[in-house]
1. Just give me the residues in region 41-56 being assigned to a helix (DSSP H, G or I) and surrounded by fewer than 12 Cβ atoms within 10 Å (Cβ to Cβ), in sequence order.
2. Report, by residue number, each residue of region 12-40 that is charged (D, E, K, R) and either outside any loop (DSSP other than H, G, I, E, B) or surrounded by 10 or more Cβ atoms within 10 Å (Cβ to Cβ) (or both).
3. Of the residues that sit in region 1-11 and are basic (Lys, Arg) and surrounded by 10 or more Cβ atoms within 10 Å (Cβ to Cβ), which one is nearest to ALA40 (Cα to Cα)?
Amino acid sequence: MSIKKIEEAKRLLKESGYYIDNLWHVDDVQQRCYCTEEEAQRVLDIALTDDWMNDQVSDSINSAIDQLNLPEEQIILGI
């Protein structure tokens with residue numbers, strides 16, 4: 001896939017409300033072990049959907065909200 005298409009896809013996702021500034025790639029796995037692209041996708045799926053990871057992201061979001069002193073109303077409207 002061309003860089004132009006990737007950037008367009010990222011732009012579309014960002015405009016739709018998704019955070020796209022921290023994406024993972026199969027290369028991140030394949031730099032650590034020998035595996036196929038499919039196996040690397042599976043590794044990323046397991047790592048990024050882990051309950052602990054989800055809890056950490058939720059806690060970090062709450063911490064960021066606190067750091068920015070966002071009132072509860074903004075949190076509700078922002079979802």
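1. Our first condition is that a residue be assigned to a helix (DSSP H, G or I); within region 41-56, this holds for 41-48, 51-56.
Correct list: ASP45, ILE46, LEU48, ASP51, TRP52, ASN54, ASP55, GLN56.
2. From region 12-40, those charged (D, E, K, R) are 14-15, 21, 27-28, 32, 37-39; that's our starting set.
Listed by number, the residues that qualify are LYS14, GLU15, ASP27, ASP28, ARG32, GLU37, GLU38, GLU39.
3. Within region 1-11, the subset basic (Lys, Arg) is 4-5, 10-11.
Narrowing the set further to residues that are surrounded by 10 or more Cβ atoms within 10 Å (Cβ to Cβ) leaves 10-11.
Details: LYS10: 21, ARG11: 25 Å.
Among residues in region 1-11 that are basic (Lys, Arg) and surrounded by 10 or more Cβ atoms within 10 Å (Cβ to Cβ), the one nearest to ALA40 (Cα to Cα) is LYS10.
Just so you know, all these numbers are worked out from the coordinates, no wet-lab data involved. Worth saying up front: this structure is predicted, and the values here are computed from it rather than measured. Every residue, glycine among them, receives a Cβ derived from its backbone with ideal geometry; neighbour counts consider all protein chains shown.
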